[in-house]
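Every number in this text was worked out from the coordinates using simple rules, so none of it is lab data. This one's a predicted model, so the numbers in the text were calculated from it and none came from an experiment. Quick reminder, even Gly has a Cβ in these numbers, built from the backbone with ideal geometry, and neighbours come from all protein chains shown.
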Amino acid sequence: MKLAVVGSINIDQTVTAQRIPRKGETLPGGELRYVPGGKGANQAVAMARLGAETAMFGCVGADENGRKMIDNLKANGVNTDYIRVVEDAPTGIAIITVGENDNTIIVVAGANGRVDRAYVDSIKDALLGYDMVVLQHEIPLDTVHYIVQLCAEHHIPTVLNPAPAAEVPMDIIEKVTYLTPNEHEAGLIFGADKTTEELLRTYPEKLVITQGSRGVSTCLRSGEVLTVPARPAQVVDTTGAGDTLNGAFSVRIAAGDGMKAALQYANTAASLSTEKFGAQSGMPTAEEVKRAMGGVQ
Ligand code: RIB
């Protein structure tokens, strides 16, 4: 199976602090590091580490950060042939504060904003050769919706992780194969009228809602609402845990797993990813996930 990610590529400027600062507050920082990130690139790396043949589609600037991010993807076994280097925008940057087992993130989109319809048209033939396309909300939303339509027309399954939170039009919800918001994103997309359980029952085996330390839930076709509890972890940094979950879920669904098995696997992979600093450094290999699951997949 060949998997594609169309999404963001960032360098993460990450600082640790004892806690997340309050509005107007200045706090002393711990360590400041520059590490590979971007929800798109993170998901591609998670997928490749788990053994999937993965290609990254997106844009970086013609700068040192862009070169480093492409090199990092290549080093992780991700195909970078379709990444466009743009002259008129810098590589995306995320400013991240890590504290109290949580984080805050501000993203400066830069070249990620150049992932537009014209770019998609230029890589369309290649993209349509993939077996599954994985998307997030860190490139222009118009592009995300354009790709969902395109993939639906060509019967290519899609996974849409609607992060950062933004509304998703009803026709796009109908067309994506899997929609994977967290609770906050689900609230924004669907409104507050329905409970999580009611929402899941409305979209069986399509809607997957992640709930942080409480795990991940979906509704099976049988009507059973399934919650896979989070695996306990020695948390160092939760940045990229959602990306690991999405990447791992996509890999296992593409490999033919059912929802329950794919979510158990993805949950384990995500929890392992929190045990190291940075979005990508803790992302596990398939062997590591297997071991953490006690040898069972
Ligand atoms: O999901 C984590 C990612 O969000 C970070 O790597 C950062 O780049 C932001 O895009």
Burial ranking of peptide ranges 205-213, 61-69, 21-29, 220-228 (average Cβ count within 10 Å, highest at the top): 205-213, 61-69, 220-228, 21-29
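Taking the Cα centre as origin and putting +1 on Lys and Arg beta-carbons and -1 on Asp and Glu beta-carbons, what dipole magnitude results for the chain, to the nearest 20 debye? Please list the in-between numbers first.
On the way: 26 positive and 35 negative charges, 125 e Å.
Using Cβ point charges on Lys, Arg, Asp and Glu, the chain gives about 600 debye.
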Under 5 Å from the placed amide H of Asn10, counting only residues 5+ away or on other chains, we find Gly37, Gly38, Ala41
In whole Å, largest first, the alpha carbons of segment 104-255 cover along the principal axes 42, 37, 33
Treat the chain as a sphere of radius equal to its Kirkwood radius over Cα pairs and apply Stokes-Einstein at 25 °C in a medium of 0.890 mPa s; give the translational diffusion coefficient in µm²/s, rounded to a whole number. 129 µm²/s
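Here are some pairs, Lys68/Lys206; Lys124/Lys175; Lys124/Lys260; Lys23/Lys68; Lys39/Lys260; which of them have Cα atoms lying more than 28 Å apart in this structure? Don't skip to the end; give the middle numbers.
Details: Lys68/Lys206 36 Å; Lys124/Lys175 18 Å; Lys124/Lys260 32 Å; Lys23/Lys68 33 Å; Lys39/Lys260 24 Å.
Cα-Cα > 28 Å for Lys68/Lys206; Lys124/Lys260; Lys23/Lys68; rest within.
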What is segment 210-297 by shape, rounded, prolate or oblate, if you read a ≥ b ≥ c off the alpha carbon gyration tensor as root eigenvalues and call it rounded for a/c under 1.5, prolate for a/b larger than b/c, and oblate otherwise? prolate
Give me the Kirkwood hydrodynamic radius of segment 172-233 in Å, from all C-alpha pairs, to one decimal place? 11.8 Å
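If you stretched the chain out fully between Glu53 and Leu27, how much longer would it get, using 0.36 nm times the residue separation minus the C-alpha to C-alpha distance? Working shown, then result.
Numbers: separation 26, 0.36 × 26 = 9.36 nm, distance 4.28 nm.
That works out to 5.1 nm of additional length.
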Assuming 0.36 nm per residue, please report the length gained on full extension of the stretch Glu167 to Arg291 beyond their Cα-Cα distance. 40.8 nm
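Need one number: the % of Cα-Cα pairs in segment 2-99 sitting beyond the 22 Å mark. Please report the intermediate quantities before stating the final value.
Values: 1703 of 4753 pairs.
Beyond 22 Å sits 36 percent of the P(r) for segment 2-99.
Rounded to the nearest 5, what is the percent of antiparallel bridges among the DSSP beta bridges in the chain? Show your work: numbers first, answer last.
Numbers: 20 of 48 bridges.
So the antiparallel bridges amount to about 40 percent of the total.
Where does the chain land at 222 nm, in deg cm²/dmol rounded to the nearest 500, when only DSSP H runs of n ≥ 4 count, each adding -39500 (n - 2.57), divided by all residues? Walk me through the numbers on the way to the answer.
Details: 10 runs with 104 residues, N = 297.
Per the formula, -10500 deg cm²/dmol.
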